[in-house]
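Data first, discussion second: the structure below is written as structure tokens.
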Amino acid sequence: VSFNQPKFCPTAAWNKYAFTFANQSVVGEYPAAIFINTNNTVFIGDRQTDTILIWDENSTTPIKNISRGVWDPFSIFVTPNGDIYIDDGEQNGRVQIWIASTETFVTIMDVSRKCYGLFVDTNNSL
């Protein structure tokens, strides 16, 4: 079950007036983690600068940059209340949660390698 599962009609078309809000100079050469919530807020893990960047819908600049405590974020998952689960397995052997209300990191799971995908269900189970 996805929190934001778009439904496309058979005649869906690309918006020719869309804009690029994050190019390589913003998100690095190999961003692996991207998450879009139900408010169309975009979260991208920049592996080159070890940051999580956050954009509101229709924004061209990030509204938040989470940089302390993040290392090579390969996958992320954002809960409805804004907490962000972040893979930190490649370098530090862990998955962390960034708690939005306190803006703090907590290690919630040890791993032996990077996680290629994270998912939190409606019971808040990782």
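The values are calculated or read from the model by the stated rules, or taken from the named source; none is laboratory data. Keep in mind that what you see is a predicted model, and the values were worked out from it rather than measured. FYI the Cβ positions are ideal-geometry reconstructions off the backbone, even for glycines, and counts take in every protein chain you see.
Of note:
- Residue in segment 4-11 that is under 27 Å from Met109 (Cα atoms), in contact (Cβ under 8 Å) with a residue 12 or more places away in the chain and out of contact with any Phe, Trp or Tyr (no Cβ under 6 Å at 6 or more places or on another chain) present: yes
- Any hit, segment 93-115, residues being surrounded by 12 or more Cβ atoms within 10 Å (Cβ to Cβ), at pLDDT below 95, of a type in the set (Gly, Ala, Ser) and within 23 Å of Glu29 (Cβ to Cβ): no
- Answer from Asp87, Asp83 - the residue that is touching a Leu at 6+ places or on another chain (Cβ under 7 Å), of a type outside the set (Phe, Trp, Tyr) and surrounded by 13 or more Cβ atoms within 10 Å (Cβ to Cβ): Asp87
- Within segment 1-34, the residues that satisfy the criterion of being loosely packed, with under 10 Cβ neighbours inside 10 Å, closer than 24 Å to Asp121 by Cβ and either at pLDDT 80 or above or not basic (Lys, Arg) (or both) are Val1, Ser2, Gln5, Pro6.
- Among the strands (runs of 3 or more DSSP E) confined to segment 70-126, the ones with at least 1 residues that are more than 13 Å from the chain's Cα centre (by Cα) are located at 94-99, 104-110.
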